[in-house]
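Reading through the C-alpha cells given below for one structure.
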Amino acid sequence: MEFRTEIKPITGEEGLISHSSPVMLAGSCFTDNIGGCMRDELFDVCVNPFGPIYNPASILKAIETVVNRRHIEDSELFEHEGRWHSFLFHSRYSAPSAGEAQLKMNMSIERAYHTLRDAGTLILTLGTTRIFTRGDDRRVVANCHKLPGREFEERILSLQECTDLLGRTVEIARQFNPGLKIIFTVSPLRYLNHGAHANAIAKSTLLMAVDNVMATMPDIYYFHAYEIMMDDLRDYRFYADDMKHPSAQAVRYIYENFSSSYYTPSTRLIAAEARKLTRRLAHRPFGPTDMSLSADQTVNDFKKSHPALAPIIDRYISDGIQ
C-alpha cells in the first residue's frame, strides 16, 4: 500500500542541459532556487538578470529588452525612499545613486544578452497572472517598489492573453537564437494575498497557457515543479516558515527531480564533483592557511580534470568574493 504520490523524473529528455552550453533562467523567485543549485554545480548560468519577475507580460518585456540589447536610460529611473529604481528591475538592482543603479542594470542586461545568444536552454518560471500597469499607456511594471497602490491599475490576464504572451516570448527568443530549447515551469510558491481560490485559478491558467504553446511550437518542454510540491510533497513540513515558499529541503528534492529529468549520467557526475568543490569553497577561510592552500589545490585539480569549466569556476569564486 502506498501513502504518497511520487512524481517521477521526466523520461526521454536527458541531455537537454549540460555543462557545454550556457543556460538562462528568468521568472519568479523559484528561478533563484533552481538557478542557485545549477550555479553551485558550475553550470554556465545567468539567473534572473532582472530579479524575480512573475507574470507572462513582464517576462516578455524582459526577453525583449535582452534581445534588443536595450540599456536603461536615466529617464527610466526614479527615486523612492533614498534609492533609485526601475520598474523593469527588482529592487536588488536598485542603488543609492542613479548612476550606480543604471550601471548594475545595464551590466546585467549585457551579461544576459551574451548568455541568451549562446544558450542551449532558456528556463522560464511563471508565478501569477496578476499584472500591474502604470501611466496613460498602461505599461506593465515588473516591480512596484512599494510605491502607493493608487499609482497602479491591477488586473488579471486571461488565458488567451497568457497564451499569446508566452508564444510571443518564444518567437522573439527563437529569432535571436534559433536553436534554443525552452523549458517552462510554474512556480510552486503559493500566492495567497488574494486567497487560495485566486491562487488556484492563476496557476491553472498558467498551466493551460503553457500547454497551448507546447501544442503549437516545437522544442518546448514543461517541468513539473508545481505538481511535485502540490502532490508529492503534500505536507507543511516542506514549506518555509511563511507557509508559502518551499523549504530548502523541498527545493533540493525538486532540483534532484529536475537534474534526473534533463541531465545525462555523465553530467550528473560532473555536477556532483562541482557541488563538492563549491561547498568546500563556501567554507574556505581568509588568509594563507593550510586549509585555504588545500582548497586552491582542489580548484586546480578540478580545472585539470574539467578544463572547459575553468572560466566558470573563476567567475564563481569572483562572484563569491564580491
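The values are calculated or read from the model by the stated rules, or taken from the named source; none is laboratory data. All of these numbers come straight from a predicted model, not from anything done at the bench. Cβ coordinates were reconstructed from backbone atoms using ideal geometry, including for glycine residues, and neighbour counts include every protein chain displayed. The accessibility values were calculated without ligands, DNA or RNA, using every heavy atom of the protein model including side chains. Shrake-Rupley method; radii C 1.70, N 1.55, O 1.52, S 1.80 Å.
Here are a few things to note about the model shown:
- Any hit, segment 27-37, residues being surrounded by fewer than 23 Cβ atoms within 10 Å (Cβ to Cβ) and of a type in the set (A, V, I, L, M): no
- Whenever a residue of segment 83-105 is in contact (Cβ under 8 Å) with a residue 60 or more places away in the chain, its partners that are of a type outside the set (Lys, Arg) and in a strand (DSSP E or B), lying with C-beta atoms within less than 8 angstrom and at least six residues away or across chains, give the pairs 85/78; 85/79.
- Just one of the listed residues (117, 150, 190) is within 23 Å of residue 89 (Cβ to Cβ), open to solvent by 10 Å² or more (accessible area, probe 1.4 Å), free of Cβ contacts under 8 Å to residues at least 60 places away in the same chain and not hydroxyl-bearing (Ser, Thr, Tyr), and it is 150.
- Residues in segment 120-147 that are open to solvent by 70 Å² or more (accessible area, probe 1.4 Å), part of a loop (DSSP other than H, G, I, E, B) and closer than 18 Å to residue 72 by Cα: none.
- Residue 310 modelled with pLDDT of 90 or more, in a helix (DSSP H, G or I) and within 21 Å of the chain's Cα centre (by Cα): no
- Within segment 246-271, being open to solvent by 10 Å² or more (accessible area, probe 1.4 Å) and touching a strand residue (DSSP E or B) at 6+ places or on another chain (Cβ under 7 Å) holds for 246, 247.
- Criterion (of a type in the set (A, V, I, L, M), more than 20 Å from residue 32 (Cα to Cα) and in contact with a Pro (Cβ under 8 Å, 6 or more places away or on another chain)) met by exactly one of 225, 209, 202: 209
- Leading residue by the ranking (farthest from residue 53 (Cα to Cα)) among those in segment 105-114 that are crowded, with 16+ Cβ neighbours inside 10 Å and not polar (S, T, N, Q): 113
- Scanning segment 86-104 for residues that are assigned to a helix (DSSP H, G or I) and buried (at least 20 other Cβ atoms within 10 Å of the Cβ) yields a count of 3.
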